Structures are given as structure tokens and as C-alpha cells.
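Engineer: Here it is, the structure in full.
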Amino acid sequence: MNTSHPISDVIPSSEGQVLLVLAGATDGLSARAVARLTAGRVSHVQASKVLRRLARAGVVIEESRPPALAFRLNRDHVSAPAIEQLATLRQRLLQRIGSWTEAAVPAPDAVWAFGSFARGDGGSQSDIDLLVIRPPAVPVGDGDWECRLAELASAVRSWSGNPCSVVEYSMEEYAALLDAGERLPLDVARDGIRVAGLHIPRAPVPLTGR
């Protein structure tokens with residue numbers, strides 16, 4: 001799964017990028033605005049061609065809004081639910097991981113995504129990095145717990161096609177990493193996404209110069 005733009009795995013063209021923008025919009029957009037929202041992946045000329053093609057197919061509704069045309073996803077079209085699901089693949093993967101966490105016995109105290117997946121700048125071969133906080137009742141090196149984490153990594157690989165790297169600590173161990181100035185707490189504080197469970201101690205994120 002392309003962890004920054006999952007829709008491109010299924011629609012590997014400018015159509016995918018245009019549909020991703022329209023699926024997240026609540027109002028009509030000009031071709032120029034659509035191109036801008038693809039962050040340079042699709043030019044204004046390409047966006048115009050794609051939007052007109054999708055409008056002819058009925059997937060997109062074209063509206064006259066002088067001085068330009070506006071385009072929006074036709075949410076009554078039979079393809080609209082599939083497009084919206086493709087546009088939210090990252091969120092759906094996070095929901096699956098959250099559901100796994102809630103069903104686990106014992107459940108982790110917290111699960112956080114970090115790294116390129118959390119930042120949204122990874123690729124099709126990028127690891128999906130997860131931080132798991134071990135509950136107090138589970139001792140270090142517990143075999144059943146380690147098997148459960150291996151099952152999580154395997155499940156994420158099956159759901160996404162990406163390798164999954166799981167690191168786990170108790171809350172106290174994680175706090176010790178934070179006190180020692182280790183990089184992991186900083187990465188989680190800067191880019192992490194809480195998937196399930198508790199909030200964790202946060203490292204201060206340094207200000208960046210302009």
C-alpha cells in the first residue's frame with residue numbers, strides 16, 4: 001500500500017489523484033483548485049482533461065460558476081461509495097488496528113502509529129511503524145504477549161501489503177526513553193497518531209526556523 005497516497009495503488013494515474021481531492025471536498029472546485037490540492041502531482045491542464053472525462057462518465061458533476069467551471073463528486077453515482085472508501089484507506093487501516101487493539105486480551109495500554117506512515121510521506125514498500133504500550137499486568141518477555149504482537153504485525157501486513165514494525169514498552173520504560181532524550185519519543189510527539197488507548201508522555205517538539 002502506498003502509505004502516502006493509497007488510492008494510487010488501485011488507480012495509478014492522475015484520475016486517482018483528482019478523485020482523492022474530490023472525495024474530500026464538500027463543495028465544487030475549479031480545475032485549478034483541484035490541481036493545487038494534488039500538491040503538484042497533477043497539472044492544471046491534466047486536471048481539466050481528467051475532470052471533463054469524469055464528467056462525461058457521470059462520476060463528476062460539472063457546474064457553471066463564472067468565471068470558471070466547478071466540479072464535484074457525484075455522490076449519487078454507483079461508484080461514489082467505492083471512490084470514498086479508496087480515498088480513506090489510511091483511516092480505514094488505522095481503524096482496523098484500533099479494532100484489533102480493543103479486541104486483544106489483555107489489550108495494550110496504547111497503540112500509536114509513527115514514522116513515514118503517520119507523516120503520510122511513505123511509499124508502497126514503506127514500513128508501518130507501531131508503538132505498543134504494554135499493560136502493567138504483562139511481564140517483560142511474556143511469550144503469549146510476544147505472540148500477540150507478532151499476530152498484530154502479520155495482520156497489518158495482510159491488511160496493507162506493507163511490512164509492519166512493532167516496538168513495545170511499558171509506560172515506565174517509555175517515560176525513561178523520554179527522560180534520556182531518545183529519538184523515538186520525539187518522533188512520536190512530532191508525527192505520531194494515537195490509534196487506541198491512552199495518551200503517552202510527550203516529548204517537547206523543537207521549533208524549526210523559517
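The values are calculated or read from the model by the stated rules, or taken from the named source; none is laboratory data. The model shown is predicted, which means the values in this text are computed figures rather than measured ones. Glycine also receives a Cβ, built like all others from the backbone with ideal geometry; neighbour counts cover every protein chain displayed.
Engineer: Considering S99, S64, S79, S124, which residue is closer than 27 Å to R53 by Cβ and outside the structural domain of A31 (by TED's automatic domain parsing)?
Structural biologist: Within the list S99, S64, S79, S124, the selection yields S124.
Engineer: Taking S160 as meeting all but one of (1) closer than 24 Å to P136 by Cα; (2) touching a residue at least 40 places away in the same chain (Cβ under 8 Å), write down the number of the exception.
Structural biologist: (1)
Engineer: In segment 6-48, which residues are surrounded by fewer than 16 Cβ atoms within 10 Å (Cβ to Cβ), assigned to a helix (DSSP H, G or I) and modelled with pLDDT of 95 or more?
Structural biologist: Within segment 6-48, R32, R36, H44, V45 qualify.
Engineer: Shifting gears a bit: Might you let me know whether segment 65-79 holds any residue that is surrounded by fewer than 16 Cβ atoms within 10 Å (Cβ to Cβ), β-branched (V, I, T) and modelled with pLDDT of 95 or more?
Structural biologist: Yes, because at least one residue in segment 65-79 is surrounded by fewer than 16 Cβ atoms within 10 Å (Cβ to Cβ), β-branched (V, I, T) and modelled with pLDDT of 95 or more.
Engineer: For segment 17-28, state whether one or more residues are free of Cβ contacts under 8 Å to residues at least 24 places away in the same chain and either in contact with a strand residue (DSSP E or B) (Cβ under 9 Å, 6 or more places away or on another chain) or farther than 19 Å from S124 by Cα (or both).
Structural biologist: Yes, segment 17-28 has at least one match.
Engineer: Here is a list: S99, S126, S79, S116. Which entry is within 23 Å of S4 (Cα to Cα) and touching a helix residue (DSSP H, G or I) at 6+ places or on another chain (Cβ under 6 Å)?
Structural biologist: Checking each option against the conditions leaves just S126.
Engineer: Would it be correct to say that I61 is touching a residue at least 12 places away in the same chain (Cβ under 8 Å), surrounded by 13 or more Cβ atoms within 10 Å (Cβ to Cβ), out of contact with any Ser or Thr (no Cβ under 8 Å at 6 or more places or on another chain) and not in a helix (DSSP H, G or I)?
Structural biologist: So I61 passes the test.
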